[in-house]
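The values are calculated or read from the model by the stated rules, or taken from the named source; none is laboratory data. Computed from a predicted model, the values in this text were never measured in an experiment. As a convention, Cβ positions derive from the backbone with ideal geometry for all residues, glycine included, and neighbour counts pool all protein chains shown.
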């Protein structure tokens with residue numbers, strides 16, 4: 001069970017945090033920490049891969065990258081990394097070979113959905129069809145609604161409310 005894996009391996013941290021969205025939170029979902037452990041990363045990739053329907057996947061740096069690579073290896077399909085900023089190298093925001101067609105986006109955590117929607121919009125502007133985001137955790141803070149309003153289905157392995165129910169026991 002993914003909820004238990006996250007709790008037992010310190011992916012849910014409690015304290016005072018500022019999220020990428022700018023929101024304040026008393027807990028932080030740290031999938032990056034879990035992704036540093038090969039066995040745990042493999043378990044997440046196995047679960048994510050069950051939901052992939054496209055022959056190309058993408059993810060936003062940094063949190064999604066280990067999940068993206070592990071899932072691509074599991075499925076033997078290519079992947080794209082979407083950068084947040086044009087700072088280095090070719091200064092292209094998309095790393096990898098983007099071909100027209102369906103692209104599923106892999107994400108670690110969805111909060112408001114803003115970051116992943118920006119990535120989906122960029123990929124769409126380059127000819128990709130993006131209609132699915134597969135995330136490990138949905139923080140249930142509007143991301144599913146925002147993505148849905150933009151024609152993107154959110155599939156999450158777990159919702160934060162499910163994880164929090166387990167924490168209480």
**Candidate set: region 29-39, residues that are farther than 28 Å from residue 102 by Cα and crowded, with 17+ Cβ neighbours inside 10 Å; chosen: the one farthest from the chain's Cα centre (by Cα)** = 34
**Request:** For region 95-108, name all the residues that are crowded, with 17+ Cβ neighbours inside 10 Å and at pLDDT 95 or above.
**Result:** 103, 104, 105, 106, 107, 108
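Table: residues versus (1) under 22 Å from residue 55 (Cβ atoms); (2) modelled with pLDDT of 95 or more; (3) surrounded by 16 or more Cβ atoms within 10 Å (Cβ to Cβ).
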| residue | (1), (2), (3) |
| --- | --- |
| 132 | yes, yes, yes |
| 135 | yes, yes, yes |
| 141 | no, no, yes |
| 146 | no, yes, yes |
| 151 | yes, yes, no |
| 154 | yes, yes, yes |
| 164 | no, no, no |
| 169 | no, no, no |
**Message:** Within region 81-88, does at least one residue satisfy the condition of being touching a strand residue (DSSP E or B) at 6+ places or on another chain (Cβ under 9 Å), closer than 16 Å to residue 156 by Cα and buried (at least 20 other Cβ atoms within 10 Å of the Cβ)?
**Reply:** no
**Item:** Yes/no for residue 4 being in contact with a strand residue (DSSP E or B) (Cβ under 7 Å, 6 or more places away or on another chain) and either within 26 Å of residue 142 (Cα to Cα) or buried (at least 16 other Cβ atoms within 10 Å of the Cβ) (or both)
**Value:** no
**Item:** Which numbered condition residue 69 misses (of (1) surrounded by fewer than 13 Cβ atoms within 10 Å (Cβ to Cβ); (2) part of a helix (DSSP H, G or I); (3) in contact with a strand residue (DSSP E or B) (Cβ under 8 Å, 6 or more places away or on another chain))
**Value:** (1)
**Fill in**
For region 11-24, the count of residues that are surrounded by fewer than 18 Cβ atoms within 10 Å (Cβ to Cβ) and either outside any strand (DSSP E or B) or touching a residue at least 12 places away in the same chain (Cβ under 8 Å) (or both) equals 8
**Prompt:** From 44, 48, 56, which residue is crowded, with 17+ Cβ neighbours inside 10 Å, at pLDDT 95 or above and over 13 Å from the mean Cα position of the chain (by Cα)?
**Reply:** 56
**Request:** Go through the residues of region 121-136 one by one and say whether even a single one is in a helix (DSSP H, G or I) and touching a strand residue (DSSP E or B) at 6+ places or on another chain (Cβ under 6 Å).
**Result:** yes
